[in-house]
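Everything below concerns the one structure shown next.
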Amino acid sequence: MADFGKGIWGRGMHFDAEIVNGVCPTCSQNSVLISLYAHNYRCTTCGQDMEQKINGVITYIPITSANGGPTISLGHGSEKA
């Protein structure tokens, strides 16, 4: 148990989760938005990924791929939503 967190996996993982309330632009519902990566959020109501834009007012813009469908990037590949 003394070696826990000291190996190759212990150093590289650091999560800085942020949970905020907001209005989802896709489902137009007041919902909880969760972020595990800076400025990228996921709606807990509909599951849409969005990017936070701050320009005097905080707004959330849906993230889409070039072909129009939402793409979820998880490091090793991508998965169509």
Output wanted: per-residue J couplings in Hz (rounded whole) for the range 15-31, from phi through Karplus 6.51 cos²θ - 1.76 cosθ + 1.60, θ = phi - 60°, x for Gly and Pro. 9, 10, 6, 10, 10, 10, 9, x, 9, 6, x, 7, 9, 6, 10, 5, 8
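Expected output is a single nm value to one decimal: the length gained when fully extending between residue 36 and residue 19, i.e. 0.36 nm times separation in residues minus the C-alpha distance. What is it?
Roughly 5.2 nm would be gained on extension.
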Protection proxy (average C-beta count within 10 Å per residue), highest first, orders 31-43, 52-64 as 31-43, 52-64
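Each reported figure results from applying straightforward, stated rules to the coordinates on display, with no laboratory input. Predicted, not measured: the structure shown is a model, and the values here were computed from it. FYI the Cβ positions are ideal-geometry reconstructions off the backbone, even for glycines, and counts take in every protein chain you see.
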